[in-house]
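Structure first, commentary second.
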Amino acid sequence: MDKDALVFVAGHRGLVGSALVRRLERDGYQKLVTRSRQELDLTDQLAVDRFFRETHPDYVFLAAARVGGILANDSFPADFIRDNLLIQTNVIDAAYRNGTRKLLFLGSSCIYPRLAEQPIREDCLLTGPLEKTNEAYAVAKIAGVKMCEAYRRQYGFNAITLQPTNLYGPNDNFDLNSSHVLPALLRKFHEARQQSNPQVVVWGTGKPRREFLHVDDLADAALFLMNSYDAAEMVNVGTGEDLTIGELANLAREVTGYSGEIVYDTSRPDGTPRKLLDVSRLFGLGWRPKIGLREGMQSTYEWFLANETAAV
Ligand code: GFB
């Protein structure tokens with residue numbers, strides 16, 4: 001990407017989109033285009049078409065999506081499948097029709113089969129049944145991946161697809177009903193310490209394993225691939241290391257300085273038992289993450305403290 005190319009970051013207020021904007025600005029990209037939800041509803045096909053006809057972005061980072069943790073996914077499957085299908089279909093098609101030179105689509109590690117062989121290679125997509133708690137979201141994301149592949153094959157459209165592992169960082173969602181586990185645990189331990197609560201409740205058994213990537217590393221990988229990768233094959237983005245939810249809870253306890261007890265609410269779902277990405281394709285291209293989990297959790301907790309009123 002030339003520094004004066006017109007770059008549209010869809011979803012710039014979210015966890016991923018805001019990290020992309022921070023990074024693009026830091027790297028000197030002069031012409032960033034962003035639109036808030038009030039300015040442009042990406043589920044509205046006519047509005048998206050009009051925006052692309054008027055703006056003609058050269059590059060598109062498609063970071064707009066309806067996302068959430070295990071409870072939100074499980075409770076609102078219709079919202080997750082509808083909004084994601086609409087947003088991605090509208091943006092990918094309008095980008096192609098209006099001369100976008102390259103589009104980057106973000107999927108998710110939950111698109112892979114629930115019991116995929118670990119670490120999960122890109123080629124195990126569609127080889128087995130999905131995890132039920134996030135099936136609707138996963139099916140929408142799989143459709144996005146396949147749409148990018150189809151537009152490349154039939155129209156020669158340069159769309160690349162990344163599958164990020166579980167992400168965290170500044171501008172994450174800290175709402176306990178809709179957030180992912182890492183921000184939820186930081187908030188729970190923080191509030192328990194403040195209120196001198198003797199226990200913190202962690203959902204599930206604590207045994208599932210997850211991999212966590214700081215969103216600034218994801219933004220780094222996205223720019224790296226936007227600038228150097230033009231193939232149809234999707235690319236996993238992760239660290240190659242995972243830990244149990246119990247271990248993550250201990251880390252959150254240390255980071256927040258909480259000294260009480262952890263109890264597990266096994267009436268809550270565990271979700272996929274393990275979700276560790278095989279990152280050899282990305283590492284083979286020369287990319288590596290830079291932010292370790294403890295360090296990333298520490299800085300995310302500091303961000304939460306500085307933005308607590310707005311974040312909760
Ligand atoms: O991050 P999370 O909500 O999503 O949950 P998934 C990960 C694990 O943490 C599950 C446990 O086993 C949860 O039961 N957990 C423990 C908690 N305490 C909590 C808590 O207080 N809040 C939350 N949220 N979890 C999501 C998918 O799956 O991963 C999405 O639903 C997306 O589609 C995302 O792919 C990356 O990792 O299970």
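The values are calculated or read from the model by the stated rules, or taken from the named source; none is laboratory data. A quick note: this is a predicted structure, and the numbers were derived from the prediction, not measured. Don't worry about glycine lacking a Cβ; one is built from the backbone with ideal geometry, like all the others, and counts go over all protein chains shown. Just the protein is used for accessible areas: all its heavy atoms, side chains included, with ligands, DNA and RNA removed. Shrake-Rupley method; radii C 1.70, N 1.55, O 1.52, S 1.80 Å.
Decide, for region 224-266, between rounded, prolate and oblate: order the square roots of the alpha carbon gyration tensor eigenvalues as a ≥ b ≥ c, take rounded if a/c falls under 1.5, and otherwise choose prolate if a/b is larger than b/c, else oblate. Prolate is the answer for region 224-266, as a/c is 1.5 or above and a/b outweighs b/c. The radius of gyration of the Cα set in region 225-312, together with its Dmax, comes out at 17.2, 50 angstrom.
Please report how far the C-alpha centroid of region 267-312 lies from that of region 141-198, rounded to the nearest whole angstrom. Rounded to whole Å, the Cα centres lie 9 Å apart.
Each residue was assigned an accessible area with a 1.4 Å probe, and for His56 the value is about 90 Å².
Put +1 on the Cβ of each Lys and Arg and -1 on the Cβ of each Asp and Glu in region 13-102; which of Leu24, Gly14, Thr55 then has its Cα farthest toward the positive end of the dipole? Among Leu24, Gly14, Thr55, the one farthest towards the positive end of the dipole of region 13-102 is Leu24. Per-residue surface analysis assigns Asp2 an accessible area of about 90 Å², computed on protein heavy atoms at 1.4 Å probe radius.
Mean separation of Cα pairs under 8 Å and 6 or more residues apart, divided by the residue count, gives the chain a relative contact order of 20 percent. Among the lysines of region 135-279, pairs at least eight places apart or on separate chains and with Cα atoms under 22 Å apart come to 4.
Taken over the Cα atoms of region 107-206, the convex hull encloses 135 Å³ per residue.
Only DSSP H runs of four or more residues enter the estimate; each adds -39500 (n - 2.57), and after division by the residues of the chain the mean residue ellipticity at 222 nm equals -13500 deg cm²/dmol.
For Arg23, Arg97, Arg281, give me the order by solvent-accessible area with a 1.4 Å probe, most accessible first, ignoring ligands, DNA and RNA. All intermediate terms of the calculation are to be shown ahead of the outcome.
Working: Arg23 50, Arg97 150, Arg281 85 Å².
Of Arg23, Arg97, Arg281, the descending order of accessible area is Arg97, Arg281, Arg23.
Charged side chains reduced to their Cβ positions (Lys and Arg at +1, Asp and Glu at -1) give the chain a dipole of some 280 debye around its Cα centre.
Taking a ≥ b ≥ c as the square roots of the eigenvalues of the Cα gyration tensor, region 35-182 is oblate, since a/c reaches 1.5 or more and a/b is not larger than b/c. Sorted largest first by accessible area at a 1.4 angstrom probe radius, with every protein chain in place, the residues Ser280, Ser179, Ser259 fall in the order Ser259, Ser280, Ser179. Ranking of Lys3, Lys141, Lys207, Lys188 by solvent-accessible surface, largest first: Lys207, Lys3, Lys188, Lys141 (1.4 Å probe, protein heavy atoms only, all chains present). Computed from the Kirkwood radius of its Cα pairs, the Stokes-Einstein diffusion coefficient for region 1-122 at 4 °C and 1.567 mPa s stands at 84 µm²/s. Shape descriptor for the chain: Rg over Rh equals 0.96 (Cα atoms; Rh from the Kirkwood inverse mean 1/r). Per residue, the chain exposes 44 Å² of solvent-accessible protein surface, assessed with a 1.4 angstrom probe and all protein chains in place.
Under the rule a/c < 1.5 gives rounded, and otherwise a/b versus b/c splits prolate from oblate, where does region 3-54 land using the Cα gyration tensor? Here region 3-54 falls in the oblate category. Put simply, when 68-78, 31-41 are sorted by average Cβ atoms within 10 angstrom per residue, most first, you get 68-78, 31-41. Surface composition of region 56-214: carbon and sulfur make up 50 percent of the accessible area, probe 1.4 Å. Ordering Leu293, Asn236, Thr205 by Cα displacement along the dipole of region 204-312 toward the positive end leaves Thr205 in first place; charges were set at the Cβ atoms of Lys, Arg (+1) and Asp, Glu (-1). Structural size metrics of region 152-253, computed from C-alpha coordinates, are Rg and Dmax of 17.6, 60 Å. Rg over Rh for region 139-183 works out to 1.18, using Cα positions for both radii and the Kirkwood form for Rh.
Quick one: work out the % antiparallel among DSSP beta bridges in the chain, nearest 5. The antiparallel proportion sits near 5 percent. For the residue pairs Lys102/Lys132; Lys3/Lys102; Lys132/Lys290, the alpha carbons lie more than 21 Å apart in Lys102/Lys132; Lys132/Lys290.
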